[in-house]
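Data block below; observations after.
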Amino acid sequence: MNVVSWKTLGTKRQKKNPDMAELIRGKTGRVYGHLLGLLIVMKSLPLAYNKDLQEDKEGMFDTVETILNSLDVLAGMLSSMQVNKAKMQQSTENDFSNATELADYLAEKGLPFREAHEIVGKLVLDSIKHGKNIQDWDLKELQVYHPLIEEDIYIYLRPETAVQRRNSLGGTGFEQVKHQIEQAKKELKGEN
């Protein structure tokens, strides 16, 4: 995509379709292709300059242009984006992304993860059949799947708990994301 079409793309008003994000994501194939081409050119070069290196420029220039244009478009998209927090919250509560939390919960209580995974798989299939989410089952119904499931499971199944539990360095937990944002702000100010 040339610069003109990028600029046209950046002026579009998107309502539901993340066209800009999808196109930027698609550009990774092009950039990776240039990287692979450069790595192949560099492979087995002798110690001194070699004419093979004439082939490194075109991909590099296109990569730089692609990345800079992508960042411009992304900045425009993010600055005009409006987040529907209520809809996002509802979406996180009406799927099976918390299935791993139940498997982890059972494993933490001593059940081998392989067995916990199998139990959760059956529960998810039954949930789909009955049009329910995992957290919609009452405790007695959940205990049919395994007696280790107790009242505290409903805390584990909340999206906020799932995110909060991912607090390893560089993880997606709230504290780690805040830390990364602060680090990025420092870098942008030239403090690092």
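Here are the numbers:
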{"item": "The lone exception for Ala162 - which of (1) crowded, with 17+ Cβ neighbours inside 10 Å; (2) out of contact with any helix residue (DSSP H, G or I) (no Cβ under 9 Å at 6 or more places or on another chain) it fails", "result": "(2)"}
{"item": "Residue match in the stretch 67-86 (condition: within 30 Å of Trp137 (Cα to Cα), part of a helix (DSSP H, G or I) and open to solvent by 50 Å² or more (accessible area, probe 1.4 Å))", "result": "yes"}
{"item": "Of all residues in the stretch 127-145 being open to solvent by less than 40 Å² (accessible area, probe 1.4 Å) and of a type outside the set (A, V, I, L, M, F, W, C), the one that is modelled with the highest pLDDT", "result": "Ser127"}
{"item": "Total residues in the stretch 146-158, condition surrounded by 17 or more Cβ atoms within 10 Å (Cβ to Cβ) and either under 21 Å from the mean Cα position of the chain (by Cα) or within 14 Å of Ser97 (Cα to Cα) (or both)", "result": "2"}
{"item": "Test set (1) at pLDDT below 90; (2) out of contact with any helix residue (DSSP H, G or I) (no Cβ under 9 Å at 6 or more places or on another chain) - Arg13 fails condition number", "result": "(2)"}
{"item": "Yes/no for Thr92 being hydroxyl-bearing (Ser, Thr, Tyr), out of contact with any strand residue (DSSP E or B) (no Cβ under 9 Å at 6 or more places or on another chain) and either open to solvent by 90 Å² or more (accessible area, probe 1.4 Å) or under 30 Å from Ile153 (Cβ atoms) (or both)", "result": "yes"}
{"item": "Any helices (runs of 4 or more DSSP H) falling wholly within the stretch 105-192 and containing at least 2 residues that are free of Cβ contacts under 8 Å to residues at least 12 places away in the same chain, within 24 Å of Asp95 (Cβ to Cβ) and charged (D, E, K, R)", "result": "113-130, 139-145"}
{"item": "The stretch 28-59 - residue that is touching a helix residue (DSSP H, G or I) at 6+ places or on another chain (Cβ under 7 Å) and open to solvent by 60 Å² or more (accessible area, probe 1.4 Å) and, of those, nearest to Pro18 (Cα to Cα)", "result": "Arg30"}
{"item": "Members of the stretch 165-187 found to be farther than 28 Å from Leu125 by Cα, open to solvent by 50 Å² or more (accessible area, probe 1.4 Å) and at pLDDT below 90, listed by number", "result": "Asn167, Ser168, Leu169, Gly170"}
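The values are calculated or read from the model by the stated rules, or taken from the named source; none is laboratory data. All of these numbers come straight from a predicted model, not from anything done at the bench. Don't worry about glycine lacking a Cβ; one is built from the backbone with ideal geometry, like all the others, and counts go over all protein chains shown. When the accessible area is computed, the model is the full protein with side chains, heavy atoms only, and any ligands, DNA or RNA have been set aside. Shrake-Rupley method; radii C 1.70, N 1.55, O 1.52, S 1.80 Å.
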